[in-house]
Amino acid sequence: MPNGTSDRPTRMKSGLPHTPPQAADIIARRNAAMAEELGLLIDGATNYAIYMLDPEGRVTIWNRGAERIKGWTEAEIVGRSATLFYSPGDVKAGKPQEDLDRASALGRIDEESWRIRKDGSEFLASVTITALRDETGALRGFGKVIRDITDQKAAEAAVTRRESHLRSILATVPDAMIVMNEQGIVSSFSAAAEILFGHQQAAVVGRNVSMLMPPDDRPAHDGYLQTYRQTGVRHIIGSVRIATALRQNGETFPIELAVGETEVGGERIFTGFIRDISRRQETERRLKELQSELVHVSRVSAMGTMASTLAHEINQPLTAIANYLETALAMIGENGERDDELLRDVAEAMELAAGQSLRAGIIVRRLRAFVECGDTGFCVERLDMIVEEATSLGLLGAHEAGIKVTMTIAAGLDRVMVDRVQIQQVLVNLIRNAIQSMSAVSIKELTIATAPDRAGWVKVTVSDTGSGIDPQVRDHLFEAFSTTKEDGMGLGLSICRTIVEAHGGRIWAEAAAGGGTAFHFCVPLAEDAENA
């Protein structure tokens, strides 16, 4: 260090007690060597500006680190005030003297503040000012150590920003994110993971990630990690797989798991991304069910089309049969041979056959109208006629099955505002369900009745003496795909509800007195509907 090193031994001699010349010479040489070594040490600290000030704040010693950091050489700065190193604003505020006063009072101060270089540029400095006193306590000056921390602070700020950014991502990423080491110990647990698993981060961090798995899966997971550490063979890392996870409340649920790996400081770090796929699996299951049901519906639709065609084709020969029978009866009558007993019996049989043919034709026409749905639209209809037409279709086979049918139509409630075909569809479905429910019981009684409901409405009831319906099932009877039949689709009652609710009414089921089930639905009376 120019000139500075040679000055230091002289300063260090001051204050020495009187000694013999020989001893004084030895001490002087020793002090000179120590001063030289100290100078070399100070000058060797090139990353630190180390310098001394006298009590008035003027520079007395200046190392090479100070030259490098601040730009002034020792010759340029020694003897000048340290106020050169402060910004004009700090000088105006009296900070240079204030710093010395605080260091004198406290013995030492540490701070981070901005300083000025010779070229006028600023840098952020870590500053240590130490008050230097002699053996009597008198102030000899100040030692200052300055380190340029501009780049360090910039790097720390960058790290802070990155950490803040990462925390923001962890707080907002929709998938749960878990970070763990190669022993499976959790070090980070995202906000989404807290919501997904029900655990707070503090309850998970520091524990094995297997706590988030069902007990039966935990040994296998620990085995995967151990095998990977020993062999490097990956089982789930770098791929997406379906697994089962465990919530805090003990509920298990399916997840989609993706695990990534990185190495930090020679240690493997694993990051797992977890997505709850419960809804997706449920949706997939429902889609498969719907696809199956749609196939069934398409078959039913095809059958309906075929039934309509078949009804049309059958109606023609039935009409021809009736015409032939009527012609034969006329021919018998024209020949005047009706007095013959055999001919009378034949004529009677032919009349009955003709009547049945006509009845069959009516049934077929109604079946065709029912299948084709006919013209839809609300209009005034007679409820008793709707019930009669519906029962002619719905009660097919009821007599042969030994079912007793009772019909009670309330007087004065026959004019309703409905879609005739749709209400017939509801009645036919309810009647057929009632007949099927009584297939395995000894007492088979079917009742179809109408009765007043709330003002402006009439209630239609179809009740049976069948095996009844489980109360738990009854609550879901009118939902789509809910059925008590082994071969049922579960659409009939759902369609009935849709039709009735489209009329503004409601449909419900309840246990019938003496066993069985009673289905009720209500439709609007015509007078009130027309005045509405």
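The values are calculated or read from the model by the stated rules, or taken from the named source; none is laboratory data. Since the structure is predicted, the reported quantities are computational estimates derived from the model, not experimental observations. Reconstructed Cβ throughout: ideal geometry from the backbone, glycine too, with neighbour counts over all protein chains shown.
So, of the residues in the range 176-206 that are assigned to a loop (DSSP other than H, G, I, E, B) and at pLDDT below 90, which turns out to be nearest to residue 277 (Cα to Cα)?
Let us first name the residues in the range 176-206 that are assigned to a loop (DSSP other than H, G, I, E, B), namely 182-184, 190, 198-200, 205-206.
From what is left, the residues that are at pLDDT below 90 are 182-184, 190.
Working: 182: 26, 183: 27, 184: 23, 190: 18 Å.
Out of the qualifying residues, it is 190.
What residue, among those in the range 112-163 that are among the hydroxyl-bearing types (Ser, Thr, Tyr) and in a loop (DSSP other than H, G, I, E, B), is nearest to residue 95 (Cα to Cα)?
To start, the set of residues in the range 112-163 that are among the hydroxyl-bearing types (Ser, Thr, Tyr) comprises 113, 121, 126, 128, 130, 136, 150, 160.
Add one more test, that the residue is in a loop (DSSP other than H, G, I, E, B), and what stays is 121, 136.
Values: 121: 19, 136: 28 Å.
Within the range 112-163, the match that is nearest to residue 95 (Cα to Cα) is 121.
Specify which of the listed residues (194, 156) is without any contact (Cβ under 8 Å) to a residue 24 or more places away in the chain and surrounded by fewer than 14 Cβ atoms within 10 Å (Cβ to Cβ).
Values: 194 fails: surrounded by fewer than 14 Cβ atoms within 10 Å (Cβ to Cβ).
Of the residues listed, the single one that is without any contact (Cβ under 8 Å) to a residue 24 or more places away in the chain and surrounded by fewer than 14 Cβ atoms within 10 Å (Cβ to Cβ) is 156.
Regarding residue 77, is this residue surrounded by 14 or more Cβ atoms within 10 Å (Cβ to Cβ), under 60 Å from the mean Cα position of the chain (by Cα) and modelled with pLDDT under 95? Show your work before the answer.
Working: surrounded by 14 or more Cβ atoms within 10 Å (Cβ to Cβ): yes; under 60 Å from the mean Cα position of the chain (by Cα): no; modelled with pLDDT under 95: yes.
Against the criterion (surrounded by 14 or more Cβ atoms within 10 Å (Cβ to Cβ), under 60 Å from the mean Cα position of the chain (by Cα) and modelled with pLDDT under 95), residue 77 does not qualify.
Starting from the range 343-354, take each residue that is without any contact (Cβ under 8 Å) to a residue 12 or more places away in the chain and not assigned by TED's automatic domain parsing to the domain that holds residue 322 and list its partners that are assigned to a helix (DSSP H, G or I) and surrounded by 13 or more Cβ atoms within 10 Å (Cβ to Cβ), counting only C-beta distances under 7 angstrom and pairs at least six apart or across chains.
none
For the range 247-282, name all the residues that are surrounded by 14 or more Cβ atoms within 10 Å (Cβ to Cβ), among the basic types (Lys, Arg) and out of contact with any Asp or Glu (no Cβ under 8 Å at 6 or more places or on another chain).
247
Here are 361, 402, 336: which of them is within 28 Å of residue 314 (Cα to Cα) and at pLDDT below 80?
Numbers: 402 fails: at pLDDT below 80; 336 fails: within 28 Å of residue 314 (Cα to Cα).
Among 361, 402, 336, only 361 is within 28 Å of residue 314 (Cα to Cα) and at pLDDT below 80.
Any idea which of (1) among the charged types (D, E, K, R); (2) at pLDDT 75 or above; (3) outside any helix (DSSP H, G or I) is the one residue 351 doesn't satisfy?
(3)
Would you check if there is a residue in the range 157-175 being of a type outside the set (Lys, Arg) and either over 37 Å from the mean Cα position of the chain (by Cα) or at pLDDT 90 or above (or both)?
We begin by selecting, within the range 157-175, every residue of a type outside the set (Lys, Arg); these are 157-160, 163-166, 168-175.
Right, trim to either over 37 Å from the mean Cα position of the chain (by Cα) or at pLDDT 90 or above (or both) and you get none.
Checked the range 157-175: no residue is of a type outside the set (Lys, Arg) and either over 37 Å from the mean Cα position of the chain (by Cα) or at pLDDT 90 or above (or both).
Is it the case that residue 453 is within 13 Å of residue 505 (Cβ to Cβ), assigned by TED's automatic domain parsing to the domain that holds residue 526, surrounded by fewer than 22 Cβ atoms within 10 Å (Cβ to Cβ) and in contact (Cβ under 8 Å) with a residue 24 or more places away in the chain? Even if it seems obvious, please write down each step before you answer.
On the way: within 13 Å of residue 505 (Cβ to Cβ): yes; assigned by TED's automatic domain parsing to the domain that holds residue 526: yes; surrounded by fewer than 22 Cβ atoms within 10 Å (Cβ to Cβ): yes; in contact (Cβ under 8 Å) with a residue 24 or more places away in the chain: yes.
So residue 453 fits the description; yes.
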